[in-house]
Amino acid sequence: MTSLDLELRVDLADLYAGYAACLDAGLFDEWPGFFTEDCRYKVVARENHDRGLPLGTMDLQSRGALMDRVYGVQSTLFHAPYYQRHIIGPARVTGHDHGTLSVEANYLVIRTKRDSPSEVFNAGRYLDRVVATDEGLRFQEKICVFDSELIPNSIIYPI
Amino acid sequence: MTSLDLELRVDLADLYAGYAACLDAGLFDEWPGFFTEDCRYKVVARENHDRGLPLGTMDLQSRGALMDRVYGVQSTLFHAPYYQRHIIGPARVTGHDHGTLSVEANYLVIRTKRDSPSEVFNAGRYLDRVVATDEGLRFQEKICVFDSELIPNSIIYPI
Amino acid sequence: MTSLDLELRVDLADLYAGYAACLDAGLFDEWPGFFTEDCRYKVVARENHDRGLPLGTMDLQSRGALMDRVYGVQSTLFHAPYYQRHIIGPARVTGHDHGTLSVEANYLVIRTKRDSPSEVFNAGRYLDRVVATDEGLRFQEKICVFDSELIPNSIIYPI
């Protein structure tokens, strides 16, 4: 392991911490900036993912599609607002291929609705592909595989 | 990034892990030792914090005030005891100014009351200022911004 | 702190992340491989552990005993299956003795039963002894001290 590897690990930890901080602060306009231009963001139930079924709760391709989603969340979707709080476990590099890292991390999202106690909202695993760009590490692909099919209401905000 | 930076990151991770371990073991007497002599510890609801409202659930200044609080918790406050368990996400350095680091980390506190299942108690974000002292890293300021205004009973122990 | 220490920290983070990933994927056959041949795995309520009472919910010694348990979980125990999701906080080295590291980490296990929302299942602290082997870091001892005595149903899978 070289000093470069150690730096990479620190940068990865920062990537996930920054991603969580962005979403939890509700700064959705900044969310697409964590992805490469040509990217994929998918949210899928574990049952479907494990069986290789293609159906996902959400499946967006390209940063433009992410920006569309943000517009929808902020301007057209009718929903009761809620706070998110991501607790993300240590990120683990599971492979690399021509400069693309495969990275996994467990996540837990706590949801807080106005005048309600905080509650477990969504738990699962990020299956990500990460690349180094001039602006730092970015997600080329982020697949959020969540454990429960029974989501309290729908998933409005990015996971 | 230098080897010194990497060391700092490891030390920061240890600071947060040690802080959590201290509180979760109920070693409240050791809690003020994680702060500098001249310090601030504040617990505030996100709604108030985001609007710049000064009112906090708790706002202590100086290590002596923290020691007073510990005395209260252990000797005068009437409350049903409970266990805390902190799960803290990766700490992220968001700035530094003349040797003071601004550090943020998401946290989740699980509470367990006697003969009850464990439950989500408090989730939020630490907004901290950390300085290096002869005894290691210490909190000069720790602001715990929690997401839910609806706390199950009151917050007795430090967050 | 040397570069070797930093590497060790990264390796430790990977050990815990890999352990969580193995269990959460339900790859129980691989679970004993995280331990040394001569090992101990114990699950004990905090109340009993703090009082020095020997009684644990589970107490296995040697890797063979772990393999027996896995066989039981997969083949003979009658239970409704559920998903686990581990969120593990930063691991902290609390001591070392002749090549054996004492390591602590807070953990939270979220459980998801079929057609049910995810819920807090088990929260507590790992009290581990870790050694370096030719195949990487392994647990010589793992004691899972959980906060709540009131477990929703029993603990079937490893924590």
Roughly how large is the B-A contact in terms of buried accessible area, totalled over both chains, probe 1.4 Å, nearest 100 Å²? 2100 Å²
At what distance in angstrom do the alpha carbon centres of the stretch B:58-75 and the stretch A:4-42 lie from each other? 38 Å
Accessible area of A:MET67 in the full protein assembly, 1.4 Å probe (Å², nearest 10): 110 Å²
State the percentage of accessible surface on chain C attributable to carbon and sulfur atoms; use a 1.4 Å probe and exclude ligands, DNA and RNA. 51 percent
List of the stretch A:76-93 residues, accessible area with partners at least 40 Å² below that of the chain alone (1.4 Å probe): A:TYR83, A:ARG85, A:ILE87, A:PRO90, A:ARG92
Provide an ascending nm list, one decimal, of label-point separations from B:ASN48 to the equivalent residue in each further copy; define each label point as 7 Å from Cα along Cα→Cβ. 4.2, 4.2
Over the C-alpha atoms of the stretch A:1-83, what are the Rg and the largest Cα-to-Cα span, Dmax, in Å? 15.7, 50
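With each run of n ≥ 4 DSSP H residues scored as -39500 (n - 2.57), what mean residue ellipticity at 222 nm is computed for the protein assembly as shown after dividing by its residue count and rounding to the nearest 500 deg cm²/dmol? Could you put the intermediate results ahead of the total?
On the way: 9 runs with 108 residues, N = 477.
Computed mean residue ellipticity for the protein assembly as shown: -7000 deg cm²/dmol.
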Sorted largest first, extent of the stretch A:1-42 alpha carbons per principal axis (Å): 36, 25, 15
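When only the heavy atoms of the protein chains count and the probe is 1.4 Å, how do B:SER154, B:SER116 rank by accessible area, highest first? Provide the component values of the computation, followed by the final result.
Working: B:SER154 70, B:SER116 35 Å².
From most exposed to least exposed: B:SER154, B:SER116.
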Divide the volume of the convex hull of the Cα atoms of chain A by its number of residues and quote the answer in cubic angstrom per residue. 119 Å³
With the dipole of the protein assembly as shown defined by +1 on each Lys or Arg Cβ and -1 on each Asp or Glu Cβ, the option from B:LEU8, B:ASN48, C:CYS39 whose Cα lies farthest towards the positive pole is B:ASN48
Largest to smallest principal axis extent of the C-alpha atoms in the protein assembly as shown, angstrom: 58, 57, 45
Whole-percent pair-distance distribution, where bins are 5 Å wide, for the alpha carbons of the stretch A:95-137: 6, 18, 16, 16, 12, 12, 10, 8, 3, 1
One decimal, nm, shortest first: give the distances between the label point of A:LEU77 and those of the same position in the other copies, each label point 7 Å from Cα along Cα→Cβ. 3.8, 3.8
Taking a probe of 1.4 Å and leaving out DNA, RNA and ligands, chain B shows per residue an accessible area in Å² of 45 Å²
C:ASN48 and C:LEU77 label points (each 7 Å along its Cα→Cβ direction) are spaced in nm at 1.5 nm
Given that compact globular proteins tend to follow 2.2 N^0.38 Å, what is the ratio of the alpha-carbon Rg of the stretch A:39-123 to that value? 1.32
Roughly how crowded by other chains is peptide C:6-15, in terms of the mean Cβ count from those chains within 10 Å of each of its Cβ atoms? 5
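The values are calculated or read from the model by the stated rules, or taken from the named source; none is laboratory data. Keep in mind it's a predicted model, so treat the numbers as computed, not measured. Cβ coordinates were reconstructed from backbone atoms using ideal geometry, including for glycine residues, and neighbour counts include every protein chain displayed. We work out accessible area using only protein heavy atoms, side chains counted, and drop any ligands, DNA or RNA first. Shrake-Rupley method; radii C 1.70, N 1.55, O 1.52, S 1.80 Å.
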